[in-house]
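Peer 1: I am attaching a structure below and will ask some questions about it afterwards.
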Amino acid sequence: MWISTTEAVARLAKVHLLGENQAKRVLRAGLAGPRHRVGSASFYDAELLDELLARPRCQDESLDRWQPFIARVGRQRPLDLSAGWEDQAAVMARDWHLPLLTAFQIASRKPLPLVATLGAWTVFTADLLGLDGADLRLRPAGEWSADFERTWLPIENGPTWTIWGEPVTTPTSADPLSARYQEQLDAEREEKRLYSTARHRSLARELFA
């Protein structure tokens, strides 16, 4: 049975609490099967959508065991789920600009499992070997990935990326879903830098007055 985009979005929102735009991204990506066009309208297979909604939550035991690097697939990262692993990896590897602390965490645990999600569902896995500047260095995932395939992860309302079990370092005031996220992030970092510099100067004046 075919259902309309509006109905499919409503079902995604009800079960996984997704916003309209996020639900539409899940549908456009093909997680609920290919869309069927009739004129300007799009329809989706209700059985395939039910199958997606029935996928289980990833077990906490797996998350705690592997402690993966979890990356949300943002609007500006056009991941083609029908493409091969190499093509998907090229999209997922680009432009992360991770903090130095995170780079050290990755280096100390390489290969670190990487799980990419869209609408909370796992859509891509890889071994994270390190960083090449702002890009991730990836290779096909090991046997660990079987624990994450066809599951959803409990992090979709969290930051753009996180390492399971590690403190969240993404600034809380920057909106990970915003198209201006990087701009917001840079502005917040600069504000913190200026505050830190001003505080140091103030302390120096007090000490040496």
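Peer 1: Does at least one position in the range 27-34 carry a residue that is crowded, with 18+ Cβ neighbours inside 10 Å, hydrophobic (A, V, I, L, M, F, W, C) and assigned to a loop (DSSP other than H, G, I, E, B)?
Peer 2: yes
Peer 1: Moving to a separate point now. Out of the range 1-41, which residues are within 17 Å of Arg72 (Cβ to Cβ) and polar (S, T, N, Q)?
Peer 2: Hits for the range 1-41 are Asn21, Gln22.
Peer 1: Here's something else I'd like to know. Scanning for something in contact with a Phe, Trp or Tyr (Cβ under 9 Å, 6 or more places away or on another chain), exposed (fewer than 12 other Cβ atoms within 10 Å of the Cβ) and of a type outside the set (Gly, Ala, Ser), does the range 64-78 turn up at least one residue?
Peer 2: yes
Peer 1: Name the pairs whose Cβ atoms lie under 8 Å apart, with the first residue in the range 1-29 and without any contact (Cβ under 8 Å) to a residue 24 or more places away in the chain, the second basic (Lys, Arg) and part of a helix (DSSP H, G or I), and 6 or more positions between them or separate chains?
Peer 2: Cβ pairs passing all conditions: Val9/Lys24.
Peer 1: Taking only the range 65-110 into account, find how many residues are aromatic (Phe, Trp, Tyr), over 15 Å from Gly133 (Cα atoms) and more than 13 Å from the chain's Cα centre (by Cα).
Peer 2: The total comes to 2.
Peer 1: Residue under question is Asp60, and the condition is that it be without any contact (Cβ under 8 Å) to a residue 40 or more places away in the chain, within 25 Å of Thr162 (Cβ to Cβ), acidic (Asp, Glu) and loosely packed, with under 13 Cβ neighbours inside 10 Å; does it hold?
Peer 2: yes
Peer 1: Taking the condition of being farther than 12 Å from Leu114 by Cα and either of a type in the set (D, E, K, R) or touching a Cys at 6+ places or on another chain (Cβ under 9 Å) (or both), how many residues in the range 130-146 meet it?
Peer 2: 3
Each reported figure results from applying straightforward, stated rules to the coordinates on display, with no laboratory input. The shown structure was predicted, so the numbers you read here are calculated from the model rather than taken from an experiment. Because the Cβ atoms are built from the backbone with ideal geometry, glycine has one as well, and the counts that use them run over all protein chains shown.
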